[in-house]
Amino acid sequence: MRLLATLTLLISSLFSLGFRWLQADVEFVNITHTVVFGERLEFSGAIETRAAVVEVVLFLKPFGADTQVIPFKPAADGTVNLTYDLENKPLRAFTPVDYWYQVKLESGVESSSPVYTFLYEDNRFDWQRQDSATFKLAWATTGDPNFGAALQNSVQDSLKAAQAILPAALPTPVRIYVYPTAQEMQSAARLAAAPWAAGHASPDMGVILISITPGPDARAEMERQLPHEIMHILEYQVAGSAYNQLPTWLLEGLASNAELYPNPDYQSVLQKAVDEHNLLPLSALCQDFPRELSGALLGYAQSGSFVRFLIENFGSSGILNLMNRYADGLNCEAGVQAAFNSSLQLLETRWQQEFLGLNAGLTAWKQVWPYFLLAFLVIVPLGLSILPILRKRQEIRGTNDER
């Protein structure tokens, strides 16, 4: 019995040693990658093993996205040359990406490489950089030796302005990339649906993209775009994963109020809509803004004005309370009711009266006149169809009375 136990232990040890030997027999050599931004990722290296390889898989894990599983066959000598198509399967710009290989041998043993990491950064530009504990700044503009200093000063002023409205801590460091033109920024962020956008934030990654054309208006554009996008980062710090559940009018209204140099078109666009009775219902701005420039501009103008009304009436604590209600899962209108004990429609009416000077009776009429019109369109034809019947009955009744 003792001999059998000894033999069993010996066989088990040999199998264990053989398993570890097979695992150690796989080596990942000169593993590297090349980024051609917006076009492709190229992976290369070699997988060296004395055992027969059954399967090789590349695992690609972008930040905040599902892991992609890409099986492939290395060359006969174990060389790896693999291309990932970014045009048809794009990654978010400036996202951290992890990748690793897994090899399955004929014996059934699986061996994984270390995890390699790279930043999918826009390498079409020669970025100038300036880092601090709070921000990592990169800009591609040239011709102005003072651009970096102006950017650093504007960033600090912008952070103060945003936190004065929404007192939340900033994740550090926040990465800010400044493009020379809006078109180049939009191509990096893939904002084809919003050709009017000058900036973009990825709050979950702590990344901001803005566009500043060198010239006399550069500082004013910094003071408009930077606080706007920094506010989106702060909003995410408050709402977390519920960020996308917050109404668009709240997200963009807060961002517009943070601007040190607000868009001068906001007031004129808003006044025109008031004069022409073309204001957008706030309920229509819960999910998104219109895509065309004029509608989007009005959406920003209205949201900024309405959120300013909320701030003046309920303060920053009221805004934080509202955001928490949305983070709890309440919808656009229920969140307002829970936070302010008032309906969105009632607050909208107050805002129009107190901030925009609209007549209460006119506002009420504008809200109910479609129902009067519908009633008119239904009742009048119905009345006209019944009228001959009533006349016929009257004639019959008159004839019976004569008898």
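Values in this text are rule-based calculations from the coordinates and carry no lab data. Note that the structure is a prediction, hence the values are computed from the model and not measured. A quick note on method: Cβ atoms are made from the backbone with ideal geometry, for glycine too, and the neighbour counts reach across all protein chains shown.
Between amide H atoms placed 1.01 Å from N, distances below 5 Å from Val174 occur with Phe135, Lys136, all of them 5 or more places distant or on a separate chain. Restricting to the stretch 163-217, compute how many DSSP beta bridges are antiparallel as a %, nearest 5. Restricted to the stretch 163-217, the bridges split so that about 45 percent are antiparallel.
Placing +1 at every Lys and Arg Cβ and -1 at every Asp and Glu Cβ, with all other atoms neutral, what dipole size does the stretch 100-236 have around its Cα centre, in debye to the nearest 20? Mind showing how you got there, number by number?
On the way: 9 positive and 15 negative charges, 19 e Å.
Its charge dipole is roughly 100 debye.
Normalising by residue count, the stretch 148-273 has a Cα convex hull of 117 Å³ per residue.
If you look at the Cα atoms of the stretch 261-362, you get an Rg and a Dmax of 13.8, 38 Å. Of the chymotrypsin sites (Phe, Trp or Tyr not before Pro) in the stretch 54-131, the ones in a loop by DSSP (not H, G, I, E or B) with at most 15 other beta carbons within 10 Å are Trp127.
With only the Cα atoms considered, the stretch 48-181 has a convex hull volume of 177 Å³ per residue.
Dividing the C-alpha radius of gyration of the stretch 18-120 by 2.2 N^0.38 Å, with N its residue count, gives 1.11.
For Thr79, the amide hydrogen comes within under 5 Å of the amide hydrogens of Ile47, counting only partners 5 or more places away or on other chains and with H modelled in the peptide plane.
For the stretch 18-120, averaging the sequence separation of C-alpha pairs within contact (under 8 Å, six or more residues apart) and dividing by the residue count gives a relative contact order of 29 percent.
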